[in-house]
Each structure stands twice: as structure tokens, then as C-alpha cells.
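Chemist: Below is one structure. I have some questions about it.
The values are calculated or read from the model by the stated rules, or taken from the named source; none is laboratory data. Because the structure is predicted, anything quoted here is derived from the model rather than measured. So basically every Cβ, Gly included, is an ideal-geometry build from the backbone, and we count neighbours across all protein chains shown.
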Amino acid sequence: MLDTFFIRNLKQPLARLAKGLDALGVTANGITVVGFLFGILVLPALYFEMTFVALLLIVFNRAMDGLDGAVARIQGPTDLGGYLDITLDFIFYSAVVFGFALMNPAENALAASFLIFAFMGTGSSFLAFAIMAEKRNIERLDYGRKSLYFLGGLTEGTETILFLLLICLLPSYFSVLAYVFGAACWVTTATRLYAGYRTLS
């Protein structure tokens with residue numbers, strides 16, 4: 001829901017940073033992998049209840065996710081880059097949620113399971129439509145040049161990032177927040193299914 005707004009406003013600052021990194025020979029895929037390797041450290045951080053460290057790792061990971069796209073737009077988007085980006089993003093999002101289950105299994109495990117279940121809905125509806133959109137040469141220019149078609153919804157990337165930051169700031173409310181966000185994810189899945197049905201039928 002908020003992705004288009006943030007992409008539009010962050011495009012120029014990221015582009016300036018990307019030019020410098022490109023001049024140094026840094027690749028988009030390298031940024032993607034480094035961002036993921038740092039991001040996955042949320043698992044031990046959350047296991048040891050270091051939620052502020054986890055928050056910083058989330059911020060770093062998401063900054064690298066924006067930067068790799070900016071560098072890719074200079075160097076030219078590739079199928080491998082798009083594949084790495086979306087795959088590692090989904091693993092990272094689920095890792096943060098799983099980290100909260102590790103932190104407090106008795107209180108958080110069921111809510112974490114519900115949220116990862118909901119992520120399956122948003123993820124599959126997103127990726128399945130991207131395949132069909134590519135097959136039919138459907139483009140969405142709002143998001144700029146990307147390797148995959150981005151089908152929007154109530155809970156897009158920006159909302160997910162804000163949620164991940166919120167649960168790090170309010171870890172004792174994880175279960176409530178996870179159920180609420182999980183329900184919102186299912187709304188997104190339903191609207192994407194409807195949009196996909198209307199577009200592809």
C-alpha cells in the first residue's frame with residue numbers, strides 16, 4: 001500500500017549512492033548477499049532477546065535491499081538478481097518471525113506460526129501472478145524497472161518492514177501484533193486473488 005510512495009521518494013538518494021558503489025565495482029548481487037548475511041543474524045540476536053540489535057540488523061538489511069535495486073538499475077537488472085532478491089527477502093522476513101518464536105516459544109510460537117502461514121498466502125499470490133504477468137507481458141510501471149511484476153495490496157514491503165521494526169520495539173506485544181498483521185496479510189492475499197482472477201480470466 002505504501003511501497004509506491006516510498007520508492008518514489010527514496011529513488012534519488014539511492015541512485016546517488018548507487019553511482020558511487022558502481023564506480024567502485026560493487027555488484028548488485030554482492031549487496032543482496034551481504035544484506036542477507038547480516039540480516040539473518042536476527043536469529044541469534046532474537047534468541048538472546050537482543051531486540052535493539054535485531055532492529056538495527058533489520059534496518060541494515062532493508063537498506064541493502066533498496067540499494068541493490070538502485071545499483072541493478074545502473075548495471076542492468078538480471079534474472080539471477082531478481083531471483084536472489086525475492087528469495088532472500090522471503091527467507092529474511094520469516095527468519096525475523098521465527099526469531100521471536102525462539103525467544104519465547106511458550107508465548108510466541110503459535111502466533112509466529114500463524115504469521116508465517118499468512119506469509120505463504122501473500123508470497124504465493126505475489127509470485128504466482130508474477131509468473132503469469134511475465135507470460136502475458138503485463139507491466140506495472142509504478143515500481144520502475146524490476147525483474148518481477150509487483151502486485152500490490154494492504155501489506156506490501158513497506159508495511160512489513162514497519163511491522164518488523166514495531167515488534168522489535170514492543171517484543172512483549174509480539175503475539176497480538178502478529179495476529180493482527182497476519183489477518184491483514186490474509187486480506188492482501190484475498191484482494192490479490194481477486195485481482196489476479198479479474199486480470200487473468
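Chemist: Report yes if ALA70 is under 19 Å from ILE161 (Cβ atoms), surrounded by 22 or more Cβ atoms within 10 Å (Cβ to Cβ) and touching a Cys at 6+ places or on another chain (Cβ under 8 Å), otherwise no.
Modeler: Values: under 19 Å from ILE161 (Cβ atoms): yes; surrounded by 22 or more Cβ atoms within 10 Å (Cβ to Cβ): yes; touching a Cys at 6+ places or on another chain (Cβ under 8 Å): no.
No.
Chemist: Determine the pairs where a residue that is in a loop (DSSP other than H, G, I, E, B), located within region 110-138, has a partner that is not basic (Lys, Arg) with Cβ atoms under 7 Å apart, the partner being 6 or more residues away or on another chain.
Modeler: ILE138/TYR149
Chemist: Need pairs with beta-carbon distance below 7 Å; first residue on the phi < 0 side of the Ramachandran plot and touching a residue at least 60 places away in the same chain (Cβ under 8 Å) and within region 89-106, second assigned to a helix (DSSP H, G or I) and among the β-branched types (Val, Ile, Thr); sequence gap 6+ or separate chains.
Modeler: Here the result reads TYR93/THR160; VAL96/VAL42; VAL96/ILE58; VAL97/ILE116; PHE100/ILE167, each pair linking region 89-106 to a residue that is assigned to a helix (DSSP H, G or I) and among the β-branched types (Val, Ile, Thr).
Chemist: So, one more: Please determine, by comparing only the residues of region 183-201 that are closer than 17 Å to THR158 by Cβ and touching a Phe, Trp or Tyr at 6+ places or on another chain (Cβ under 7 Å), which one is surrounded by the fewest Cβ atoms within 10 Å (Cβ to Cβ). Even if it seems obvious, please write down each step before you answer.
Modeler: Within region 183-201, the subset closer than 17 Å to THR158 by Cβ is 184-185, 187-188, 191-192.
Adding the requirement that they be touching a Phe, Trp or Tyr at 6+ places or on another chain (Cβ under 7 Å) leaves 185, 192.
Numbers: CYS185: 26, ARG192: 21.
Only one residue fits best here, namely ARG192.
Chemist: Still on this structure, please answer the following. Filter region 119-160 down to the residues that are at pLDDT below 60 and more than 30 Å from PHE98 (Cα to Cα), then identify the one that is surrounded by the fewest Cβ atoms within 10 Å (Cβ to Cβ).
Modeler: Checked region 119-160; the qualifying residue surrounded by the fewest Cβ atoms within 10 Å (Cβ to Cβ) is LEU141.
Chemist: Something else: Across region 44-64, which residue is farthest from ASN104 (Cα to Cα) among those that are crowded, with 17+ Cβ neighbours inside 10 Å, in contact (Cβ under 8 Å) with a residue 40 or more places away in the chain and not basic (Lys, Arg)?
Modeler: That would be ILE58.
Chemist: Let me ask something else about it. Given (1) more than 29 Å from PHE52 (Cα to Cα); (2) at pLDDT 95 or above, where does LEU110 come up short, assuming only one miss?
Modeler: With respect to (1) more than 29 Å from PHE52 (Cα to Cα); (2) at pLDDT 95 or above, LEU110 is out only on (1).
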